[in-house]
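Novice: I am attaching a structure below and will ask some questions about it afterwards.
The values are calculated or read from the model by the stated rules, or taken from the named source; none is laboratory data. None of these values were measured; they are calculated from a predicted model. Heads up, the Cβs are rebuilt from the backbone with ideal geometry, glycines too, and the neighbour counts pull from every protein chain shown. We work out accessible area using only protein heavy atoms, side chains counted, and drop any ligands, DNA or RNA first. Shrake-Rupley method; radii C 1.70, N 1.55, O 1.52, S 1.80 Å.
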Amino acid sequence: MVKNKFYITTPIYYANAEPHLGSAYTTIAADVLARWNKLQGNKTFFLTGTDEHGQKIQEIAEKKGIKPQKFVDNIADKYKELFKLLNISNDFFLRTTNPKHEKEVKRILQELYDKKLIYKGSYEAYYCVGCEQYLTKSDLVDGKCPLHNRKPELRKEEAYLFRLSKFQKKLSTLIKTGKYKILPKKRRKEILTFIDSGLQDISFSRLKQKVSWGIELPFDKKHTCFVWVDAFWNYITGLQIKNQFKEFWPANVQLMAKDIFRVHATIWPAILLALNYKLPKTLFIHGYFTIDGKKMSKSLGNAIDPLELLEKYSADSLRYFLIRNIPFGDDGDFSEKNLIERHNNELANKLGNLVSRTTALAEKHGIQKTPNKLLKKLELKQIKNHLNNYELDKSLHQIFAFIDKCNEYIQKNKPWKTKDKKVLYELADSIKAIAILLYPFIPTTSEKIAKILNITINYNNIKKPLIIKNIKKSEILFKKIK
Ligand code: MSP
């Protein structure tokens, strides 16, 4: 069978501070989609990494009296360590201080310059160092950047500008025709309004005397490159460094939150068009992870340390909660109380009990192969559609609706009384389907169940009848939390 290819990316995170739960959120969601594709046998490449240049990082390293490279080395390690603990299955971790990446960025800057798409001029605009983005007057609230509660700098300096304006019409058409897909729909509308109101040429450089921690412009060493140009190109170099560019470009989906959506839907595709690269197929914009309604962020000081949570809860519980609790695409508030509730009610009571009761009874009474009528209640098509439409929370909801059906089936048929081996087979066979479907979300638990049932986790096995004869009682999958 011909399989599809699937390339998914997360934003590369600023290496200005240690990772927080917000950055973990996008990466977990991307991991769910990457694993979902791998499960179906699609050739998958999943890229994440760190964005290590720019004024923000330069300022912090200076303040700490550390060389920027040493500072970012440490932060990149923290991200890698966190992603490992969260069971993130990325195929590569790109750091923008990778020399191969830097060389490639210089190459494209030169090409843009040779094509006269970058020209020398001067630039005057408001710039928020927190965002590392230019803001328009309408973005400001009381003269401040609402995300960072900080007054933007008015920048007026010699700079090299990129002819973004030249791509306005083309971008608008590509988005309108769906050739460049922006999801959810409300974001598509939003960006079209922005683009159609006019795109201005934008500064692609900073004077080196001001921002030295950046990639030098190959055609003028007095300037360093705007951090976003360097950052965007990670999506290409991440593949090139692993020799996978031909196989995987263009990206199937790029995930991010709305804070960096505007630049991603304008400057990034414009650079690609300028250099004759194909555009990514889809940008999916999810909402903010909030604390009391405010975006969780390092700059606002309300960030939650995922490592602290991982000392108390398993990676699977945390992954489950983050994906189940927030409709993908909308904002959602974080609360530890909700996390505990979902862990206890859904993972421990519903899933954990189903597996432990079924396997204990199967060990005691045995199982006998029979057509699985219970499995007919699994809404596989819907689950698949939800996942393919980025409705991650809804697919989990559907999988758990089937778990409820299985628990009702036990209650109704009372195999502890009847010792009915066929009912126990149906339940074990249904748990097999559940374990496979839950693999993208809670891989460690799925693997534990797969071991008990002696199955390989892949999509085709969902409907293939279970062949194991003897089942051993499962360990407790989720201990209840008080
Ligand atoms: N370095 C840039 C991205 C360059 S990509 C070419 C950047 N980095 S960041 O560290 O600020 O990461 C922003 C992204 O982190 C968001 O778009 C989102 O994916 C994730 N999130 C950070 N905080 C988050 C929340 N509170 N809620 C949801 N997503 C969060 O921007």
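Condition check ((1) within 16 Å of the ligand (Cβ to nearest atom); (2) free of Cβ contacts under 8 Å to residues at least 60 places away in the same chain) across all residues:
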| position | (1), (2) |
| --- | --- |
| ASN4 | no, yes |
| TYR14 | yes, no |
| LEU21 | yes, no |
| LEU39 | no, no |
| GLN58 | yes, no |
| LYS84 | no, yes |
| LEU94 | yes, no |
| LYS100 | no, no |
| GLU104 | yes, no |
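Novice: Scan segment 340-355 and give yes if some residue there is farther than 28 Å from GLU426 by Cα, away from the ligand (no atom under 15 Å from the Cβ), not assigned by TED's automatic domain parsing to the domain that holds VAL253 and not aromatic (Phe, Trp, Tyr), otherwise no.
Specialist: Taking segment 340-355 as the starting set, the residues that turn out to be farther than 28 Å from GLU426 by Cα are 340-341.
Now restrict to residues that are away from the ligand (no atom under 15 Å from the Cβ): 340-341.
From what is left, the residues that are not assigned by TED's automatic domain parsing to the domain that holds VAL253 are 340-341.
Then drop every residue that is not not aromatic (Phe, Trp, Tyr), which leaves 340-341.
Yes; the residues of segment 340-355 include at least one that is farther than 28 Å from GLU426 by Cα, away from the ligand (no atom under 15 Å from the Cβ), not assigned by TED's automatic domain parsing to the domain that holds VAL253 and not aromatic (Phe, Trp, Tyr).
Novice: Of the numbered conditions (1) assigned to a loop (DSSP other than H, G, I, E, B); (2) within 16 Å of the ligand (Cβ to nearest atom); (3) surrounded by fewer than 18 Cβ atoms within 10 Å (Cβ to Cβ), GLY214 fails exactly one; give the number of that condition.
Specialist: Among (1) assigned to a loop (DSSP other than H, G, I, E, B); (2) within 16 Å of the ligand (Cβ to nearest atom); (3) surrounded by fewer than 18 Cβ atoms within 10 Å (Cβ to Cβ), GLY214 violates only (3).
Novice: Looking at LEU354, LEU361, LEU396, can you tell me which residue is assigned to a helix (DSSP H, G or I), open to solvent by 20 Å² or more (accessible area, probe 1.4 Å) and either modelled with pLDDT under 95 or closer than 30 Å to PRO415 by Cβ (or both)?
Specialist: Values: LEU354 fails: open to solvent by 20 Å² or more (accessible area, probe 1.4 Å); LEU396 fails: open to solvent by 20 Å² or more (accessible area, probe 1.4 Å).
None of the other options fit; the residue is LEU361.
Novice: Give me a count of the residues in segment 165-185 that are within 29 Å of THR224 (Cα to Cα) and in contact with a Phe, Trp or Tyr (Cβ under 9 Å, 6 or more places away or on another chain).
Specialist: The total comes to 1.
Novice: Can we say GLY301 is open to solvent by 10 Å² or more (accessible area, probe 1.4 Å), free of Cβ contacts under 8 Å to residues at least 60 places away in the same chain and not in a helix (DSSP H, G or I)?
Specialist: Details: open to solvent by 10 Å² or more (accessible area, probe 1.4 Å): yes; free of Cβ contacts under 8 Å to residues at least 60 places away in the same chain: yes; not in a helix (DSSP H, G or I): yes.
Yes, satisfied.
Novice: Taking the condition open to solvent by 10 Å² or more (accessible area, probe 1.4 Å), modelled with pLDDT under 95, assigned by TED's automatic domain parsing to the domain that holds PHE204 and aliphatic (A, V, I, L, M), does ILE60 pass? Walk me through how you get there before you give the answer.
Specialist: Values: open to solvent by 10 Å² or more (accessible area, probe 1.4 Å): yes; modelled with pLDDT under 95: yes; assigned by TED's automatic domain parsing to the domain that holds PHE204: yes; aliphatic (A, V, I, L, M): yes.
So ILE60 passes the test.
Novice: Restricting to segment 77-111, name every residue that is closer than 16 Å to HIS223 by Cα and in contact with a Lys or Arg (Cβ under 9 Å, 6 or more places away or on another chain).
Specialist: none
Novice: Can we say SER446 is assigned to a helix (DSSP H, G or I), touching a residue at least 24 places away in the same chain (Cβ under 8 Å), under 21 Å from ALA401 (Cβ atoms) and out of contact with any His (no Cβ under 6 Å at 6 or more places or on another chain)?
Specialist: Numbers: assigned to a helix (DSSP H, G or I): yes; touching a residue at least 24 places away in the same chain (Cβ under 8 Å): no; under 21 Å from ALA401 (Cβ atoms): yes; out of contact with any His (no Cβ under 6 Å at 6 or more places or on another chain): yes.
Criteria not met by SER446.
Novice: Residues that are within 14 Å of the ligand (Cβ to nearest atom) and not acidic (Asp, Glu): list the helices (runs of 4 or more DSSP H) wholly contained in segment 220-294 that include at least 3 such residues.
Specialist: Values: elements: 227-232, 234-241, 245-248, 261-265, 267-274.
Counting at least 3 such residues, we get 227-232, 234-241, 261-265, 267-274.
Novice: Failed condition for ILE66, given (1) away from the ligand (no atom under 11 Å from the Cβ); (2) in contact (Cβ under 8 Å) with a residue 24 or more places away in the chain, with all others met?
Specialist: (2)
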